[in-house]
Structure formats: C-alpha cells, structure tokens
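Here's the structure we're looking at; comments come further down.
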C-alpha cells in the first residue's frame, strides 16, 4: 500500500527533501484492533514537530497523521462493537486503559499516553492508504457526516471541547475570548462557546475576521495589531454595561502562546480562567505574576481529551450545531505544500486535509 514516509528530520523545514511516498505492507489486525481504509486525514501542528524532531524525537521511519477517517475492512477476534463496513474516525489518544487516571475518566493524564501518528511507530499513523488502531481508539461516524468532516474534527474538536467544557467549565452567558479564531482549534472554540450561548470575541488576522463572525463570533479583533488587547478591553467594557456586570473576559481559549500571553492575562476578570494547549507561536513566555495572584486567575493546562468528549462533539456535529471548517485538500504527492501552508498560516481558515489520492 502507499504511505507518506520520512526517515530523517529536517533542520530547515525542507519538507520536500524528507517526505517520500513509499510502498509498505498492508497491516493485519491484532486481536483488539480494527483496520480501515483511509478516506481523509487532517494535518496538525505536531506533524511539523515530528519532522523537526523537536520538542521530542520520534520513531523512524515515520508516518504522521493523527486525525483520520475511513471505512473498516478488517477486525480482530476480540473486537465487539465495530464491524467491517463501519465508517469510523480516530481518537488518537493511546492510553494504557488500566491506570488510576484512565479508570477515573482522565485518560489525558495517563503517564503512558502517546499521540497516535506523532509519537507512535515505526510506520504507524494516518497518512497511508490503510491503517489500524485498537477498537477503543475509533469512533463511529454518523451517516450525515462525511469522512472529510470527521477527519477535520477528530483531535481538534476533542481538544477544544475538553478545554472549554472539561477544563474551563464554561457557563452560559460568559464572555469568552477565542485566540486564533481562524485555526482549526479556533473554529471549533468559537462554535462550542456559541453552543453555550456565550458572548464570543475571536482574534485572527485581518483577512479572517469576517469569517470568524460568519462562524458565530460576536466580535473579531486583529491580533497582529500591537494594541489588539486594548480593543478587546473596550469590547468587554461595553458588554459589562449591557449585562450590569464587571468588565473583562471570563475564559480565554489559548493555544498560540508567544508574545500575546501577558496581554491576555490583563483582559481576565477577577477569578477568571485561561486554559491553554499548545503554543504555535512560541512556548517560552514571560509571565507577569501580579496578574495571576492579585486577580486570583485560574491558569489551566489542557492536552487532548476523552473519548466521551470526542463523542459529544461528534453528536453536536450530527445535529448541525457544530461544523468542521475545511480550508483545503491535498494528495500525498503535494504533502510538502500542505505542511508549508499550515506552517505559514497565511490565507488559511480551518483544517487542511490530505487524501491518499
């Protein structure tokens, strides 16, 4: 079968040099596994981290791809709930299933956890014609969702749901700031916050602001402006007057890091929450501790989520309340171009998909 493989890291983001289409053996299922034909897969930033070998080294030779959807073509002897012909999407959170964290519903805290398609291998990920996973790591796709929509959701939807619902305990009527509203994470963050009937402020580059509003954001601010946070502050003052409540943001949905961090902290109300995952513009930030201790701010870390949270998100997608935003589609032959687009972010709104053909 055809697979997108690399056998060395890149030091200069020269993806063309390392990404190769190779013919490898088609997998056969272990007793607890399902094998499925990949119809669509979605890019994530950890694909780039993998090719760089930073912040962690990964198994070689390597197949990336954490988010994939397709049709089941084989099942192991112990598989109970998935059948040949079922349409499935991946839950890329591989855990031990038996530790205290796993058995208490916190599989995201499992010390043995690995992200499929990033930390796994050799040659085990979604960018191939046929792949395999344990039964517990696939979720059935409702009939009214396409493979493309499901692949574009997968880890990004699960992570966004976990951040806002599982970690930040979002409540109706709150003011929520979604950083990077034009990204895959941001597009789901906007929709989840609106599902909870919150006032949503999204940040994005200038060319994406109208799209954020079309997706449901009540306000959209260009975060490439040096004083973007001052504009957000004025919006929260106006909202406060309308609500008769103190001004400021109740929850910040943070996944971009970099130079925005301290500006974000100044926007939070007393006792408010910032929940963060990833750091696409830089993770080595300085923190003004006064903003945290004086206002009693909750700083929450978040990584991936639970299978139940993915299923919740998929449920609301099937009801038309949340939709996957697909920026573009590429074949494996154009994988380097796809990854360059994701890295630059220019003109990108939503998720980038890749297909075997």
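The values are calculated or read from the model by the stated rules, or taken from the named source; none is laboratory data. Values in this document were obtained by computation on a predicted structure and should not be read as measured data. As a convention, Cβ positions derive from the backbone with ideal geometry for all residues, glycine included, and neighbour counts pool all protein chains shown.
For the reader, a short list of remarks on this structure follows.
- Those residues of segment 106-135 which are free of Cβ contacts under 8 Å to residues at least 24 places away in the same chain and touching a helix residue (DSSP H, G or I) at 6+ places or on another chain (Cβ under 6 Å), in sequence order: 109, 110
- Of the candidates 236, 273, the single residue that is under 18 Å from residue 186 (Cβ atoms) and surrounded by 14 or more Cβ atoms within 10 Å (Cβ to Cβ) is 273.
- Residue selected from segment 176-198 under the condition in a loop (DSSP other than H, G, I, E, B) and over 10 Å from the mean Cα position of the chain (by Cα), by the criterion surrounded by the most Cβ atoms within 10 Å (Cβ to Cβ): 181
- Segment 92-114: number of residues that are out of contact with any strand residue (DSSP E or B) (no Cβ under 6 Å at 6 or more places or on another chain) and in a loop (DSSP other than H, G, I, E, B): 12
- Subset of segment 165-175 (residues that are within 14 Å of residue 298 (Cβ to Cβ) and in contact with a strand residue (DSSP E or B) (Cβ under 7 Å, 6 or more places away or on another chain)): 167, 168, 170, 174
- Single residue of 292, 297, 314 found to be under 11 Å from residue 161 (Cα atoms) and outside the structural domain of residue 39 (by TED's automatic domain parsing): 314
- Any hit, segment 49-59, residues being surrounded by fewer than 18 Cβ atoms within 10 Å (Cβ to Cβ) and part of a strand (DSSP E or B): no
- Note on segment 86-105: residues that are touching a residue at least 12 places away in the same chain (Cβ under 8 Å) and either under 25 Å from residue 36 (Cβ atoms) or surrounded by fewer than 16 Cβ atoms within 10 Å (Cβ to Cβ) (or both) amount to 13.
- Any hit, segment 244-251, residues being surrounded by fewer than 18 Cβ atoms within 10 Å (Cβ to Cβ), part of a helix (DSSP H, G or I) and in contact (Cβ under 8 Å) with a residue 24 or more places away in the chain: no
- Just one of the numbered conditions (1) in contact with a strand residue (DSSP E or B) (Cβ under 7 Å, 6 or more places away or on another chain); (2) under 23 Å from residue 234 (Cα atoms); (3) at pLDDT below 95; (4) buried (at least 21 other Cβ atoms within 10 Å of the Cβ) is not true of residue 268: (3).
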